[in-house]
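The values are calculated or read from the model by the stated rules, or taken from the named source; none is laboratory data. Values in this document were obtained by computation on a predicted structure and should not be read as measured data. When we count neighbours, we look across all protein chains shown, and the Cβ atoms used for this are built from the backbone with ideal geometry, even at glycine.
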Ligand code: GLA
């Protein structure tokens, strides 16, 4: 190879990656024109990004690529790359708050790659008939999910150890029963089209038995698309078969994540409902009770139809991360107006808990827990429960907060007052009382007042502090408390 071509990134580049026995690859096709303009694409199992503009100078390449998003939109991402000897280091587009992800590619051909053929037409489906309610999750589901802490590093051993820990450390006693495996357990299908597990999960049925023996339940994850968000096998065109496989394994909960479904389905609400209804029906026909968790990031007014496809919960936003900004934005700002869709059996899901993952203070984690309890949100711990600090366990297992979350009335709380960074949220309870959160989103401690008139309460009532676990006597008209920065005082006003 001449020096010129060694410095010219034109060609096909491949990066192989794997967190198990399933080899996956990302293909990067680059074509650098004489003026330095770049065309080509990035092709991963779960997406295709077509380069729309880019430049190469020497070994430095930057480009913008576009893919089909939902809601009829295109999503653009910025990439940058550096040619170093025989390898090309590609910096993947990641959210501003995440560490940059750099992937190394090796060249498999130096020929100018052919352009990517146009994507096949998207499938449109008619709005489905309502799918029967499965009768599950009459109160918000409680348990654990592997993604926030372990992502692709989850395996059989971790899940067994988490189940052991939950059975002993007070989590199970507090009501956390689902042990949910998120993405990256899947292998390719066999010749009959049956989904399998990869080497991280040698025997799913044995794992379910193990979890069940501890009085807990096992959850799993898939996608209505051909590939999951992490690029593993999805359930597209295998919905009924997969539901039967899950039932045979003894699965109790399915999280069904849109991901690559946007590559095959038209981006409209009828089609998306029909895709979710398929799995809703399949689970009902599987012969086993499974909680059905929709994950499509709150698109296309999911609250209006989530229950009609037999969904027990549906995500309302993009992914949470373990930072105050992410959690507080999702919890305080992005749930407003969705309360009308929550009812027994059907819950808004502001995403899994980050409590204990280390990116927030205990004060902030208490706010996280309080908000999720007031919001009637599913409580799925997302930390390593094998090794939890006592303070974190205390937050996760606060029985008085959990009683609010699990309240039989099933009414999602709402913001009843806002004064700058100070917010009061309230939720009516089945016994005629009210749970109230006095929140301070500001940078300094402040006094927050909850006025009875904002909550619809009259006269004097007994007040109990649900974090101090202390009665505060009979209180008339309003309750004021000093609240730390990013903190909460959560009370119950008795009937
Ligand atoms: C999406 C979901 C996450 C997680 C990952 C797994 O990003 O929103 O909760 O399930 O996929 O790949």
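On the given criteria, is residue 321 within 18 Å of residue 195 (Cβ to Cβ), within 16 Å of the ligand (Cβ to nearest atom) and surrounded by fewer than 24 Cβ atoms within 10 Å (Cβ to Cβ)?
When the stated conditions are applied, residue 321 does not pass them.
Quick one: count up the residues across the range 274-295 that are within 16 Å of the ligand (Cβ to nearest atom) and without any contact (Cβ under 8 Å) to a residue 60 or more places away in the chain.
Residues that pass the stated criteria total 4.
Select from the range 281-309 the residues that are in contact with a strand residue (DSSP E or B) (Cβ under 6 Å, 6 or more places away or on another chain) and assigned to a helix (DSSP H, G or I) and write down the one among them that is surrounded by the most Cβ atoms within 10 Å (Cβ to Cβ).
Among them, the one singled out is 283.
If I filter the range 148-166 for residues that are under 16 Å from residue 220 (Cβ atoms), at pLDDT 95 or above, part of a loop (DSSP other than H, G, I, E, B) and in the same structural domain as residue 393 (by TED's automatic domain parsing), do I get at least one hit?
Taking every residue of the range 148-166 in turn, at least one turns out to be under 16 Å from residue 220 (Cβ atoms), at pLDDT 95 or above, part of a loop (DSSP other than H, G, I, E, B) and in the same structural domain as residue 393 (by TED's automatic domain parsing).
Restrict the check to the range 117-126 and report whether at least one residue is away from the ligand (no atom under 16 Å from the Cβ) and in a strand (DSSP E or B).
yes
With (1) within 16 Å of the ligand (Cβ to nearest atom); (2) over 22 Å from residue 238 (Cα atoms); (3) in a loop (DSSP other than H, G, I, E, B) as the list, and residue 336 as the residue in question, which single condition is left unmet?
If we test residue 336 against (1) within 16 Å of the ligand (Cβ to nearest atom); (2) over 22 Å from residue 238 (Cα atoms); (3) in a loop (DSSP other than H, G, I, E, B), just (1) comes out false.
Scan the strands (runs of 3 or more DSSP E) fully inside the range 340-447 and keep the ones with 3 or more residues being without any contact (Cβ under 8 Å) to a residue 60 or more places away in the chain and more than 30 Å from residue 183 (Cβ to Cβ).
The strands (runs of 3 or more DSSP E) meeting that bar are 414-419, 422-428, 434-440.
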